[in-house]
Amino acid sequence: MTPASGELIRADILPPDWKLVTLSQVAEYSLGKMLDAAKNKGCPFFYLGNVNVKWFGFDLSDLRSMQFEGHELERFGLKKGDVLICEGGEAGRAAIWDEQLPNIKFQKAIHRVRPGPELLNRFLVHRLLMDSHSGRLAEYYTGATIKHLTSKDLGRYSFGLPPIDEQNKIVSILDCVESVRAKRRLTLSKLGGLTQAIFVHMFGDPEINPKGLPMAKLKDLGRLERGVSKHRPRNAPELMGGPYPLVQTGDVSRCGGYLRTFTTTYSDAGLRQSKIWPAGTLCITIAANIAKTGVLMFDACFPDSVVGFSSDRSATVEYVRVWLSFLQKKLEESAPSSAQKNINLAVLRDLDIPIPSPTDLEIFLRRITSLEKLKASHSEHLARLDNLFASLQHRAFRGEL
């Protein structure tokens, strides 16, 4: 439920020259066209959907089209400076249309907002971003499980509005820091692609083995053991909450190659029905998320939906981790599914893998280690920039800049 407007007013302390407004007071807004192939008529036009709208930008790589009649072209058209806000998904996610492509329309999953003369479009997007991250925007969501930001909810979204000159000042400062953050994220993204590039440079494409490396089965390179969990934790809460880290499939799929943190732990009772794997073990998911990998950076337990690969040589573990990244999509697509996709341990053990020389494996390990140190350094800088940005956001929207 959206709080009563009086509660929001009492909760919002503003500088003297600011005023509390709702979006309906300072902007026009409307939802896009309903996607209905059976009813839609007219000529086809590309349109923006929820997936195309990112924070401060758009992904136009996968645009779809639907039919629009002549009388709908202006109603569902876009102009330079329009703010597009997601109605569902990550409700409230917003970006400013800058006429990146001509004659683009928008679908019902998106609100088109046209600010009036008192409101800068980038001020609105920055404000939405802060309120989304802080959780304040959730006060306006409708829906118990799938959250939506309806037209009515969006209209009563309230925020402090400073004079235009101060909005410009706030936007200028936040844009400057956001630009640096974006460049740092781009650098990290490019560094992430170097891991596979190093592999291909040294060993070739692992699926065609152009360098003619000798082949073996994965089981010949080390030990493959399925995780242990005799009881499902959700059915036995006494297993949880102790000192022993528990890694699950979602943790592996999100870890970026290395499991450095954990959110769930086993109690002594949990450990008794499981097993601890040592740091350096490669975790490989075999259910839900197929063939995602992460090297344990701490001793941990994991369930039978994860397989542990270990070797006496850390270079072999790194090699297998990167090698599996080339096969992950194919393994996932070929996995049989009932309630959820899964593969069994025998499939992993019998995978054919090219075998480099011990010397090349050590060179590969040194290069990957150097790359990971560089990525860690950039990640630390990005974290500091994120903290700075969050601090500036809160100061800016309290009128303290």
Fill in the blank from the handout: The ³J(HN,Hα) series, computed from each phi in the range 358-363 with the Karplus coefficients 6.51, -1.76 and 1.60 at θ = phi - 60°, rounded to the nearest Hz and given as x for glycine or proline, is x, 5, 5, 4, 5, 4
Problem - Of the GluC sites (Glu not before Pro) in the range 157-221, those whose Cβ has at most 12 other Cβ within 10 Å and which sit in DSSP loop - result: GLU207
Practice task
Please get the size of the charge dipole for the range 182-303, origin at its Cα centre, with Cβ charges of +1 on Lys and Arg and -1 on Asp and Glu, quoted in debye to the nearest 20.
Solution key: 280
Problem - Residue exposure sequence - THR261, THR316 - by fewest surrounding Cβ within 10 Å - result: THR261, THR316
Handout entry: Residue-averaged [θ]222 nm for the chain, counting only DSSP H segments that reach four residues, each worth -39500 (n - 2.57)
Key = -12000 deg cm²/dmol
Exercise for the section: Amide H neighbours of ILE110 under 5 Å, at least 5 residues apart or on other chains, H built in the peptide plane: list them. Expected result: GLY32, GLU87
Exercise for the section: May I ask for the net charge around LYS373, where only other residues with Cβ less than 13 Å from the Cβ of LYS373 are counted and Lys, Arg are +1 while Asp, Glu are -1? Expected result: +1
Exercise for the section: Treating cross-link reach as a plain straight distance, find the aspartates and glutamates whose alpha-carbon is under 14 Å from the alpha-carbon of LYS211, omitting any fewer than eight places away in the same chain. Expected result: ASP360
Practice task
Please say if the range 289-359 is rounded, prolate or oblate, where rounded means a/c under 1.5 for a ≥ b ≥ c the square roots of the C-alpha gyration tensor eigenvalues, and otherwise the choice is prolate for a/b larger than b/c and oblate otherwise?
Solution key: oblate
Handout entry: Prolate/oblate/rounded label for the range 98-157 (Cα gyration tensor, a/c 1.5)
Key = oblate
Exercise for the section: Taking the Cβ of each residue in TYR47, TYR141 as the centre, tally the other Cβ atoms inside 10 Å and list the residues starting with the fewest. Expected result: TYR141, TYR47
Exercise for the section: Would you mind ranking VAL200, VAL295, VAL252 so that the residue whose beta carbon has the fewest other beta carbons within 10 Å leads the list? Expected result: VAL200, VAL295, VAL252
Handout entry: ³J(HN,Hα), Karplus 6.51/-1.76/1.60, whole Hz, each residue of the range 270-279, x for Gly, Pro
Key = x, 5, 4, 9, 9, 7, 9, 9, x, 3
Practice task
Would you indicate which of [x] 136; [y] 167; [z] 194 is the value of volume of the Cα convex hull per residue in Å³ derived from the coordinates of this structure?
Solution key: [z]
Practice task
Straight distance only, please: which aspartates and glutamates reach the Cα of LYS41 with their own Cα at less than 20 Å, same-chain residues fewer than 8 apart left out?
Solution key: GLU69, GLU72, GLU74
Practice task
Report the net charge of residues surrounding PHE309, where surrounding means a beta-carbon distance below 9 angstrom and charges are Lys +1, Arg +1, Asp -1, Glu -1.
Solution key: +1
Handout entry: Cα gyration tensor shape of the range 338-401, rounded if a/c is under 1.5, else prolate or oblate by comparing a/b with b/c
Key = oblate
Problem - Entries in LYS108/LYS330; LYS19/LYS80; LYS79/LYS183; LYS217/LYS329; LYS54/LYS108 that, when Cα-Cα distance is taken, lie over 25 Å - result: LYS108/LYS330; LYS19/LYS80; LYS79/LYS183
Completion exercise
Along the range 165-179, Karplus-curve 3J(HN,Hα) (6.51, -1.76, 1.60; θ = phi - 60°) to the nearest Hz, with x for Gly and Pro, reads 5, 6, 4, 4, 5, 4, 4, 4, 5, 5, 4, 4, 5, 4, 4
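Taken together, the values in this text are just the output of simple stated rules run on the coordinates, not laboratory data. All figures in this text were calculated on a predicted structure; none of them were measured in a lab. Glycine gets a Cβ as well: all are built from the backbone with ideal geometry, and neighbour counts include every protein chain shown.
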